[in-house]
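Any read-out appearing in this document is the output of simple, stated calculations on the displayed coordinates, not a laboratory observation. In this text, all values refer to a predicted model and were calculated from it rather than measured experimentally. Quick reminder, even Gly has a Cβ in these numbers, built from the backbone with ideal geometry, and neighbours come from all protein chains shown.
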Amino acid sequence: LTELVPGLVFTSNESPPEQPIPFHHELAQAPRPPAYILFHCEVESPEGGATPIIPSTEVAAFFEANFPDFARSVAALGVRYVRVMPEVTDPTSALGRSWKETYNVATREEAEEAMRHQGTSYEWLPNGDCRTTTAALPALRTDPRTGRRVFFNSMVAAFTGWYDARNVGEKAIVLGDGSPVNAAALRAVAKFMDERRVAFRWRKGDVLLLDNTIAMHARETFVPPRRVLASLRGPPLADTSGRSAGGPPPRSHAVASPMRVGIIGTGAMGKEHIRNIALLGEQAVVAAVADSDANARKEAFQELGEKGMQCTFFERYEDLLSSGLLDAAVVCTPNFSHIQVLRRILTQTNLHVLCEKPLCTTIEDCEEVERLVAEREQRMRAAGQAAGIFMTGMEYRWMPPISRLIQETDAGELGRVQTVFIREHRFPFLVKVNNWNRFNRYTGGTLVEKACHFFDLMRRILRSEPISVYASGGQAVNHKDEMFEEGTPDILDHAFVTVEFASGARAMLELNMFAEDEQTETVTAVCQRGKIEAKSPESTVRVLRRRQIANLGRTPPSPDGRGVPELLSLPVPKDLAEAGYHEGSTFFELSAFVAAAGGEGEVPISAHDGKMAVLMGAAAHESIRTGRVVHIAGEKLESVTAGRLWMGGVDALERAQVQASAGDAARSRL
């Protein structure tokens, strides 16, 4: 291509006229291909040079019907394009454009930066040429405007047409995991396209507008001269419902079709979200998935079942976010990567966001997210649009027994909550990719990674803010015999944490990660006139209303004077229980997210809520590290000096003096 008007008008492919150009979508091997191509014939050829066209939907239907197994592999893994670019442009080859011209650079260092930005790997050859391998790119996509599948790739073009002194077409295309493609399938698809094509024969002055999402094009051989200009444009126009292909609908409008969700990260939680979105029916659909690991993408494809063929898979989340396929993104990547993913989403898209806990691994990163959310809201408001919502994922709030406990405390029939006790006894951390969850620097620490759920519950139940945290914990059993390149795991496996709140209420967490072979939770809220206790996985709630609140005598209440506990059983529906590991809570969390995104409810857990849970966890870790109480003032952590530990309004020294005086008085009475 020759750029005639910078960034706007180019000559079409200037490859040798005796070499045909196979069918392709323009720049399908690029992370962000154009949505439209506007062609203009300036000089018509005396012979040949037509532009064959075929609907990509027909090609996709043929491919999936005749080669279903290979099509599933292509859908799940994507494809990589391998190409050797010369140091100096070779005018005798359709592939002869140099790496300098391709990336519009002058040096290797500039080319490397451009390739890294695209996710392209590279190898410099001794003669100055560069062998490039793209990131795994989707080869089957769904047109977001129609829901129809398209054969959006350059597989056939590469396989049948990338031949020159440096390249062999049959080696120019591989699946996303590096395995070979089905050569017979690609030859059959090429034959099908040749039989079904329609050729547009150029006349001087002709203009042709192609929708690059749904139409593939090629070029016949020709006798010079011939000059056809091209302008590459995007993104896709909005559909008839008014929803753009690159962001959520205005919240003042009902969502006429399922909310299109992209899953970023398909580990255990990513797959749990996939299963639960399937249970939402017409409310939402998984439209795209991104994961850097080919096996993870394959597992996600399998989780989607028959809907896998309607989903687009990306190796890079950046490409998913720029694809125009989504209304919302669910972030399920490792904790330490949340900040970089959220930066991209909040500065470059207006998608609705559900970010799995913890929001980030540091208070500073959480504060940045909170700021970016506010700035996006301001930008959208200035543009006269509604901003996409932001929600932090804390699914424990939706566990049926805990949800019922919250309803009971909110109702206030037992009076104000005075104390909250939370216990989780469970098994050790499971294996994660590259064992990132074995180290504090990647997780934020156990009391951030795991206990943020419980700190969030404390704030929600008490409806008050924490003012001080004291914790004790260590690594007694788990992972001590493990050794990785990163070193020996340093995460805690047990802890006790006490928290005081501005309301005067107190809360305590007991966490033990080597106690049981299943995950068990107990949440107890003690109010002025009784208590509520929720248990999981039993999924029960015990409500006790005390009958004798005051005026007790010298003996305990008699049996007939005691409150009779009410035991509620809240069985989890089988399909919800089988869809995850959190007693159906992920389904209810996603339902709340979809409702808030559609303007049918408030965001239940904000970025601020996510930050406060991380702050409390960080305070607990700081307390363990220093052996001191950590005060929280103005959403900042402040340690106090050793030996002056704050305890219920009386410091440690004063408490000891009070206790000694009380002991002396008791002894004198005896």
>> Residue by residue through the range 529-538, what is 3J(HN,Hα) from phi via Karplus (6.51 cos²θ - 1.76 cosθ + 1.60, θ = phi - 60°)? Round to whole Hz and write x for glycine and proline.
In response: 10, x, 8, 10, 10, 10, 10, 9, x, 4
> Taking amide H positions as placed 1.01 Å from N in the peptide plane, with prolines and chain starts having none, which residues 5 or more places from V289, or on another chain, fall under 5 Å of its amide H?
Replying inline: I263, T312, F313, F314
>> If I model the chain as equal point scatterers sitting on the Cα atoms and use the Debye formula, what is log10 I(q)/I(0) at q = 0.06 Å⁻¹?
In response: -0.44
> For the peptides 536-543, 115-122, what is the packing order when you average, over each peptide's residues, the other Cβ atoms within 10 Å and list the highest mean first?
Replying inline: 536-543, 115-122
> Taking amide H positions as placed 1.01 Å from N in the peptide plane, with prolines and chain starts having none, which residues 5 or more places from Y81, or on another chain, fall under 5 Å of its amide H?
Replying inline: T134
> For the range 522-622, which semi-axes, largest first and in whole Å, follow from the square roots of 5 times the eigenvalues of its Cα gyration tensor?
Replying inline: 36, 21, 14
>> With +1 on the Cβ of every Lys and Arg and -1 on the Cβ of every Asp and Glu, and nothing else charged, how large is the dipole of the chain about its Cα centre, in debye rounded to the nearest 20?
In response: 1420 debye
>> Using helices alone, I'd like the mean residue ellipticity at 222 nm for the chain: each DSSP H run of four-plus residues gives -39500 (n - 2.57), total over residue count, nearest 500.
In response: -9000 deg cm²/dmol
> So in the chain, what percent of DSSP beta bridges are antiparallel if you round to the nearest 5?
Replying inline: 75 percent
>> Order 331-341, 469-479 from most to least packed using the mean count of other Cβ atoms within 10 Å.
In response: 331-341, 469-479
> What is the gain in length, in nm to one decimal, between T146 and Q348 on full extension, counting 0.36 nm per residue of separation less the C-alpha to C-alpha distance?
Replying inline: 70.2 nm
> Once phi is turned into θ = phi - 60°, what whole-Hz ³J(HN,Hα) does the Karplus curve with 6.51, -1.76 and 1.60 give for every residue of the range 369-382, x standing for Gly and Pro?
Replying inline: 4, 4, 5, 5, 4, 5, 5, 5, 4, 5, 4, 5, 4, 5
> Rounded to the nearest 5, what % of the DSSP beta bridges within the range 342-498 are antiparallel ones?
Replying inline: 60 percent
> Measuring from centroid to centroid over Cα atoms, what is the spacing of the range 499-560 and the range 109-147 in Å?
Replying inline: 57 Å
>> From the phi angles alone, apply the Karplus equation (6.51, -1.76, 1.60; θ = phi - 60°) to the range 460-471 and give each ³J(HN,Hα) in whole Hz, x where the residue is Gly or Pro.
In response: 5, 5, 7, 6, 8, 9, x, 10, 7, 9, 10, 9
> Hey, rough spin-label estimate for R545 and L27, points 7 angstrom out along Cα→Cβ, what's it come to in nanometres?
Replying inline: 6.8 nm
>> Give me the one-decimal nm value for the distance between modelled label points at L208 and E600, 7 Å along each residue's Cα-to-Cβ direction.
In response: 4.6 nm
>> Given the options V207, N66, G393, identify the residue whose Cα lies farthest towards the positive end of the charge dipole of the chain (+1 on Cβ of Lys, Arg; -1 on Cβ of Asp, Glu).
In response: G393
> Amide H to amide H under 5 Å from S468: which residues, 5+ apart in sequence or cross-chain, H placed 1.01 Å off N in plane?
Replying inline: E500, I632
> Suppose R0 equals 56 Å; then what is the FRET efficiency for Q519 and V223 from their Cβ-Cβ distance, rounded to the nearest 0.05?
Replying inline: 0.15
>> Quick check: residue separation of R381 and E538 times 0.36 nm, minus the Cα distance between them. What number comes out in nm?
In response: 51.9 nm
> Shape call for the range 100-152 from the C-alpha gyration tensor, a ≥ b ≥ c root eigenvalues: rounded (a/c under 1.5), prolate (a/b greater than b/c) or oblate?
Replying inline: prolate
> Can you give the extra length, in nm with one decimal, that the chain gains between E486 and R196 once fully stretched, where that is 0.36 nm per residue apart less the Cα-Cα distance?
Replying inline: 98.8 nm
> So what is the relative contact order for the chain, in percent, with contacts set as C-alpha pairs under 8 Å and at least six apart?
Replying inline: 14 percent
>> I need the peptides 590-597, 301-308 ranked by packing, meaning the mean over residues of other C-beta atoms within 10 angstrom, with the highest value on top.
In response: 590-597, 301-308
>> Could you check the spin-label model distance between R562 and S503? Points 7 Å from the Cα along Cα→Cβ, value in nm.
In response: 2.8 nm
